[in-house]
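Single-structure report; data block below.
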Amino acid sequence: MHKPTQDPPVDSFGEITRRAISCVDKLTRKIVPRDNELILKRLRRGEFVSSSRLSEVDPFPEDSRSRLAEYNHSIAQLEEALGSLKNARDSFRHSVDVTTSLCAPVRCLPEDVLTEIFSFYVKSMGFKGGPILSTPNFRLAYVCSFWRKAVFSRPTLWSSFLLTVDAFRGQEVESEVLTLLSNCLLRSANTPLSLFV
């Protein structure tokens, strides 16, 4: 009768990190910088040695360039691995932020109260130039789908926007602006408009 095989213990993130740091420490000790004082003294005296005779004077350069290339390659691999680790960390942090946003006090507000706050925000921001077609609503709509729904459902929020004069100087830009402008007008419904040019 065979005994069930047990899964090997799973190492914690901290334990793996400590082993990785230990390995990096070992790699660091593999790179042994030399004492440059003797060479610096010769440089100060104005000595010159041709490249063909350099290995006779000092054996250090013989394989130093190949070792340096190996160090650079290994460090690049470590940096790439560290980059992947940071990307994984950032994805995890995003998941934490998304989950904890459920507890945000602003989510307790009724939608009509929220849109009233948005109205005050739009009035306080005003129009300071910038994009070809701009309104503070764009920034509000980018926060989350819940806010986007609230912003899109209130026509008065879309009754004012800024249109830059040179918006129609390129055919591609003109088409894009007209589409965006059409969407803004559609969301404003029958609300009186305020257009700043």
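The values are calculated or read from the model by the stated rules, or taken from the named source; none is laboratory data. As the structure is a computational prediction, the values presented were derived from the model and not from experiment. Heads up, the Cβs are rebuilt from the backbone with ideal geometry, glycines too, and the neighbour counts pull from every protein chain shown.
Points worth noting:
- The single condition from (1) more than 28 Å from residue 16 (Cβ to Cβ); (2) loosely packed, with under 11 Cβ neighbours inside 10 Å that residue 80 fails is (1).
- Scanning region 35-86 for residues that are of a type in the set (D, E, K, R) and either farther than 25 Å from residue 25 by Cα or touching a Phe, Trp or Tyr at 6+ places or on another chain (Cβ under 9 Å) (or both) turns up 37, 41, 42, 44, 45, 47, 53, 56, 58, 62.
- Residues that are under 37 Å from the mean Cα position of the chain (by Cα) and modelled with pLDDT under 75, drawn from region 188-197: 194, 195, 196, 197
- Restricting 185, 157, 162 to residues that are at pLDDT below 80, assigned to a strand (DSSP E or B) and farther than 30 Å from residue 21 by Cβ narrows the list to 162.
- In region 86-101, the condition of being of a type in the set (Asp, Glu), modelled with pLDDT under 80 and either surrounded by 11 or more Cβ atoms within 10 Å (Cβ to Cβ) or under 30 Å from residue 13 (Cα atoms) (or both) is met by no residue.
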